[in-house]
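Before any comments, here is the structure.
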Amino acid sequence: MGEQSKVHEIRWNPLICQWIIVAGHRGRRPWRPEEKGLACPFCPGTPETKDLGVWDVIVLPNKFPALSPKALKVPRFHMGFFRVRRAVGICEVIVETPMHEGDLCDIDLDHMRKVVDVFAKEYSRLGSLNYIKYVAEFRNKGKEIGVSLTHPHSQIYALPFIPPRIMCELKSFKRYFKKKNRCLLCDIIKIEYEEGSRLIYENKHFTALLPYFAMWPYEIHVYSKRHVQALPDLNEEEKLHLADILRVVTATYNTLFERDMPYMMVFHQKPTDKKNYNYYHMHIEFYQPYRDKDKLKYAAGIEWGFWIFTYDGIPEKKAHELREACGKALKKLDKYLGKIP
Ligand code: ZN
Ligand code: ZN
Ligand code: FE
């Protein structure tokens, strides 16, 4: 601690060509404050939220940001063999509801549309800053995956570089477009509809399915039917339908094993460095760490050490389970939280 906790920089790993964010101060992050009898910082009326009046969705600065617009100059002793850069960027939290517990499916449809709108607006606002190249929006839920606060919330990392996974997707989309003059994801959607065995739910503008190439047992992808690159490209009707499908997917997870499920939800959108990414197609991915009612799938040696995923089971069978759970979940959702017109 002390001096060391002030280390805040981005280091380059030359072995795998990736940036690593080093944030000494994040070691002091509190774990589950309410378990120690402390107040939840995201509930209405706490120091973090009390000046905001009555709210339904709010954006707060992350109190332990991995990146900061004021990141200090990189210390001299770091210059030399290893590459390093300033940890500039912005980390925010989107608190989706004043309710202390629950999931996206517990938020009514119209409120959820506002949440989608906040994701779109923050993407545009942060993406317009000259030092931001990518706006990473995501949601972690559940203590199984290390979420320290139970109150429903999502996060945004506005980054000074394009994440490696997105770089990889961009390369694939670009290569496919050059070869076929079509969008890779538009073609995947077409084929998934022809096959049908992995589809889970659809509304007028979005489709939820378990991809042919799933890495996680109950992975779900949400694809926009229209070829768009980022949330701000969506019109009002599409935003409402996105709100609907996000509620349905989370309700499906919570119905699957009749328990509150942890998951990661990530938005894959185009970078914000003002280059042309018309060949890219925005989508949302959900990774769910359980492979059975009470068996966790761990990413371990083969996954982390070699980046090879083994899929324990048959994707089409798991998709069938999800489709059934979705049917049950829809009945519950319709009853009290609003249905898409
Ligand atoms: Zn709370
Ligand atoms: Zn497309
Ligand atoms: Fe993706």
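The values are calculated or read from the model by the stated rules, or taken from the named source; none is laboratory data. Bear in mind the structure is a predicted one, so any value in this text is a computation, not a measurement. For neighbour counting, all protein chains shown are included, and Cβ atoms are generated from backbone atoms with ideal geometry for every residue, glycine included. Protein only, heavy atoms only, side chains kept; ligands, DNA and RNA dropped before computing areas. Shrake-Rupley method; radii C 1.70, N 1.55, O 1.52, S 1.80 Å.
Say we look at the stretch 261-286 and pick out the residues that are open to solvent by 20 Å² or more (accessible area, probe 1.4 Å) and touching a Phe, Trp or Tyr at 6+ places or on another chain (Cβ under 7 Å); which of these is nearest to residue 127 (Cα to Cα)? Across the stretch 261-286, the extreme among qualifying residues is 270.
Quick one: would you say residue 191 is hydrophobic (A, V, I, L, M, F, W, C) and surrounded by 14 or more Cβ atoms within 10 Å (Cβ to Cβ)? The answer is no for residue 191. Exactly one residue among 149, 170 is modelled with pLDDT of 95 or more and either in a loop (DSSP other than H, G, I, E, B) or more than 27 Å from residue 104 (Cβ to Cβ) (or both), and that residue is 170. Kindly provide the set of residues from the stretch 295-306 that are under 22 Å from the mean Cα position of the chain (by Cα) and either modelled with pLDDT of 95 or more or not in a loop (DSSP other than H, G, I, E, B) (or both), ordered by number. Residues satisfying the conditions are 296, 303, 304. Check the stretch 158-173 and report whether any residue there is within 16 Å of ligand 3 (Cβ to nearest atom), more than 30 Å from residue 68 (Cα to Cα) and buried (at least 21 other Cβ atoms within 10 Å of the Cβ). No, every residue in the stretch 158-173 fails to be within 16 Å of ligand 3 (Cβ to nearest atom), more than 30 Å from residue 68 (Cα to Cα) and buried (at least 21 other Cβ atoms within 10 Å of the Cβ). Summed over the stretch 272-294, the residues that are more than 22 Å from the chain's Cα centre (by Cα) and either within 16 Å of ligand 3 (Cβ to nearest atom) or not in a loop (DSSP other than H, G, I, E, B) (or both) give a count of 1.
If you check 179, 225 for being among the basic types (Lys, Arg), out of contact with any Lys or Arg (no Cβ under 9 Å at 6 or more places or on another chain), open to solvent by 60 Å² or more (accessible area, probe 1.4 Å) and in the same structural domain as residue 311 (by TED's automatic domain parsing), only one passes: 179.
Out of everything in the stretch 111-132 that is more than 19 Å from residue 240 (Cβ to Cβ) and open to solvent by 10 Å² or more (accessible area, probe 1.4 Å), what residue ends up being farthest from ligand 3 (Cβ to nearest atom)? Filtering the stretch 111-132 for residues that are more than 19 Å from residue 240 (Cβ to Cβ) and open to solvent by 10 Å² or more (accessible area, probe 1.4 Å), the one farthest from ligand 3 (Cβ to nearest atom) comes out as 130.
Looking at 135, 147, can you tell me which residue is touching a strand residue (DSSP E or B) at 6+ places or on another chain (Cβ under 9 Å), more than 16 Å from ligand 1 (Cβ to nearest atom), open to solvent by less than 20 Å² (accessible area, probe 1.4 Å) and not charged (D, E, K, R)? Exactly one residue qualifies, and that residue is 135. Restricting attention to the stretch 39-58 and to residues that are β-branched (Val, Ile, Thr) and surrounded by 15 or more Cβ atoms within 10 Å (Cβ to Cβ), the residue that is farthest from ligand 1 (Cβ to nearest atom) turns out to be 57.
From the list 336, 311, the one residue that fits, being under 26 Å from residue 166 (Cα atoms), modelled with pLDDT under 95 and either touching a strand residue (DSSP E or B) at 6+ places or on another chain (Cβ under 7 Å) or surrounded by fewer than 20 Cβ atoms within 10 Å (Cβ to Cβ) (or both), is 311.
Those residues that are part of a helix (DSSP H, G or I) and surrounded by fewer than 16 Cβ atoms within 10 Å (Cβ to Cβ), I need them from the stretch 75-110; list them, please. Once the filter is applied, which keeps residues that are part of a helix (DSSP H, G or I) and surrounded by fewer than 16 Cβ atoms within 10 Å (Cβ to Cβ), the stretch 75-110 yields 76, 77, 78, 110.
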